[in-house]
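**Student:** Mind having a look at this structure? Questions to follow.
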Amino acid sequence: MSGLNENKKKLETYLTRFREHGISNRIAGQDHPGSAGVFESVSPVDKTKICDVARGDATDIDSAAKAASAAFNDWRDLSAKERRRILINIAEAIESRAEEIAVCECWDTGQAWRFMSKAALRGAENFRFFADQVISARDGKHLPSPTLMNITTRSPVGPVGVITPWNTPFMLSTWKIAPALAAGCTVVHKPAELSPLTARLLVEIAEDAGLPPGVLNTVNGYGEEAGKALCEHPLLRAVAFVGESATGKLIIKQGADTLKRVHLELGGKNPVIVFDDADLDRALDAVIFMIYSINGERCTSSSRLLIQDTVRAEFEEKLIERVRKIKVGHPLDPATEVGPLIAQEHFDKVASYFKIAEQDGATIAVGGCVGDNEGFYVEPTLFTDATNAMRISQEEIFGPVLTSIPFFTEQEALDIANDTEYGLTGYLWTNDLTRAMRFSSQLEAGMIWVNSENVRHLPTPFGGVKNSGIGRDGGDWSFEFYMEQKHIGFATGQHKISRLGV
Ligand code: NAD
């Protein structure tokens, strides 16, 4: 396994090209400067500039949408076998550059190496999984009626836009782009302005692996500039968006005039509910993993712990002990468990909840301070003695910060769990099977895990309810979004047709 010094040396090698050439937009297989100039990418580890990044605006989005449109027919009509081959090539190329992707991602986002080295490989898995779906992606249904031979066909919706956030940006980008390409769509990708490095690597890898020019285009820039223009562009038939719930609402508004089909993967304030009959040691591991891994900057984090009163003291005591031992440090250090947060604004937001918690009457049982390193570090934090009405229980903090709320009865746990504007995931710990069935059927969430942390299985549907989103990804669900269904009915005989004007 690489050590910190070794990883730092690799970082210097991988960053050289970015420092020398910056990051341009990539349109129709060519580099393009940003029409609005450049912006700086800054590392959250030490707040130093990484490189200049092309600042795209409506002009660049227009060029990219035209490139995606020009490339569409050929990509759509490519044989499934050939499209599959190219996507597999991309998966293999990601695997061979996984270390570079992971190192750049750590430096660009502050995420720890131990997680990003796996996330890079998950990007390859996303391409491989959807490559295997290509062969059946167009398959329709045969739905005969007494008078008609009804069939359905599926075809790609056309060029689409993909807008991604800064948390695990490489993995999330592949999660949206791989199914779009597998469906036969061409793509304009607007990565998050805070983490542009690996989006550049992705488009480069894809082109090197044989993806024709114009099939995947990348335009960097700010959300209200490039992102807005993408949503409004008439040539783009759909927008797949991952980000905050407030931004998701804007995506719908901005896409309204062009009747954009939208897929929204948004925020969460996910409950993990621990009953006293659960395997408490396993529950403890999962609770800690699901909020403190990936800096707590994950949509599926279990940011609200609902703990049954009978085991509360014992569970919280063990939790406090473990949280104190979480290793905060340089993201390229393989021992690091929590790295710095993404940027100043986000750091200020997360840190502001330390005061809010105290003002609202909760206890800061561990953490609650910003780190003394030079980057955007905060201490892994646990709030106890909280109620669900407090802001720390209702708002998505998106950092390594857990709020513990006690409950007495199953009904109370359910009421607390559902008392939120969000509905992405829920985690349930109990050995009572009937209760697990009853509770999960009433829990308002798109995804629920019972006696498990979040384990992603690509054929299953991923997405949220309420303010956590619209639509599902995974398996065939991704194709529901990226493809149009067409019904064609063939008369099987001479059924009676109503005659007018005879
Ligand atoms: P964000 O909404 O601020 O930004 C996401 C992307 O949207 C960025 O590329 C940004 O430039 C762009 N954007 C911003 N304003 C826009 C506009 N007006 N029009 C078009 N695009 C615009 O989110 P973030 O802070 O980058 O990411 C964190 C959020 O993402 C959290 O809320 C998290 O829960 C959510 N998230 C959800 C999932 C999920 O699957 N449900 C996964 C990861 C992250």
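**Student:** Between Met149 and residues 5 or more places away or on another chain, which pairs have amide H atoms under 5 Å apart, with H built 1.01 Å from N, and which residues are they?
**Tutor:** Correct list: Phe490, Ala491, Thr492.
**Student:** At a 1.4 Å probe radius, which order do Lys66, Lys81 fall into by accessible area, largest first?
**Tutor:** Correct descending sequence by accessible area is Lys81, Lys66.
**Student:** Which of the three applies to the chain, rounded, prolate or oblate, going by the alpha-carbon gyration tensor with a ≥ b ≥ c and a/c under 1.5 meaning rounded?
**Tutor:** Since a/c reaches 1.5 but b/c is at least a/b, the shape of the chain is classed as oblate.
**Student:** What does DSSP give for the range 271-450 in terms of the percent of beta bridges that are antiparallel, rounded to the nearest 5?
**Tutor:** Here the share of antiparallel DSSP bridges comes out near 15 percent.
**Student:** Report in % the part of the accessible area of the chain that belongs to carbon and sulfur, leaving out ligands and nucleic acids; probe 1.4 Å.
**Tutor:** The computed percentage sits at 52.
**Student:** Using label points projected 7 Å from each Cα along Cα→Cβ, tell me how many nm separate Arg282 and His495, to one decimal.
**Tutor:** 5.3
**Student:** When the helices in the chain are scored as -39500 (n - 2.57) per DSSP H run of 4 or longer and the sum is shared across all residues, what 222 nm value do you end up with, to the nearest 500 deg cm²/dmol?
**Tutor:** -13000 deg cm²/dmol
**Student:** When a/c is below 1.5 the answer is rounded, else prolate if a/b is larger than b/c, else oblate, so apply that to the range 271-450 with a ≥ b ≥ c taken from the square roots of the Cα gyration tensor eigenvalues.
**Tutor:** It comes out prolate by the Cα gyration axes.
**Student:** Could you give the accessible area per residue of the chain, probe 1.4 Å, as a whole number in Å²?
**Tutor:** With the other protein chains kept in place, the chain gives 41 Å² per residue.
**Student:** Could you please report the charge total around Thr336, scoring K, R as +1 and D, E as -1 over all other residues with beta-carbon less than 11 angstrom from its beta-carbon?
**Tutor:** Net of charged neighbours comes to 0.
**Student:** Need one value: the accessible area of Ile88 in square angstrom, 1.4 angstrom probe, rounded to the nearest 10.
**Tutor:** About 30 Å², ignoring ligands and nucleic acids.
**Student:** Now for a separate question. Counting DSSP beta bridges with both partners in the chain, what percentage is antiparallel, nearest 5?
**Tutor:** 40
**Student:** So how far apart, in nm, are the two label points at Glu40 and Val502 if each is 7 Å from Cα heading toward Cβ?
**Tutor:** About 8.1 nm separates the two model spin labels.
**Student:** Going by a ≥ b ≥ c, the root eigenvalues of the Cα gyration tensor, does the range 35-124 fall in the rounded group (a/c under 1.5), the prolate group (a/b larger than b/c) or the oblate group?
**Tutor:** Verdict is oblate for the range 35-124.
**Student:** Near the amide H of Ile448, under 5 Å away, which other amide H atoms are found, from residues 5 or more places off or on another chain, if H is placed in the peptide plane?
**Tutor:** Amide H neighbours of Ile448, under 5 Å, 5+ apart: Gly426.
**Student:** Local charge sum around Ala209 (other residues, Cβ-Cβ under 10 Å, Lys/Arg +1, Asp/Glu -1)?
**Tutor:** Counting the neighbours of Ala209, the net charge comes to -3.
**Student:** Using a cut-off of 19 Å between alpha-carbon atoms, which lysines can reach Lys496, once sequence neighbours fewer than 8 places away in the same chain are excluded?
**Tutor:** In chain and number order, there are no partners.
**Student:** Taking 30 Å as the cut-off for C-alpha to C-alpha distance, list the pairs among Lys66/Lys249; Lys176/Lys486; Lys118/Lys355; Lys49/Lys249; Lys269/Lys327 that go past it.
**Tutor:** Violating the 30 Å limit, Cα to Cα: Lys118/Lys355; Lys49/Lys249.
The values are calculated or read from the model by the stated rules, or taken from the named source; none is laboratory data. Being a predicted model, the structure only gives us computed values, none of them experimental. Cβ sites come from the backbone with ideal geometry, for glycine too, and all protein chains shown count toward neighbours. Just the protein is used for accessible areas: all its heavy atoms, side chains included, with ligands, DNA and RNA removed. Shrake-Rupley method; radii C 1.70, N 1.55, O 1.52, S 1.80 Å.
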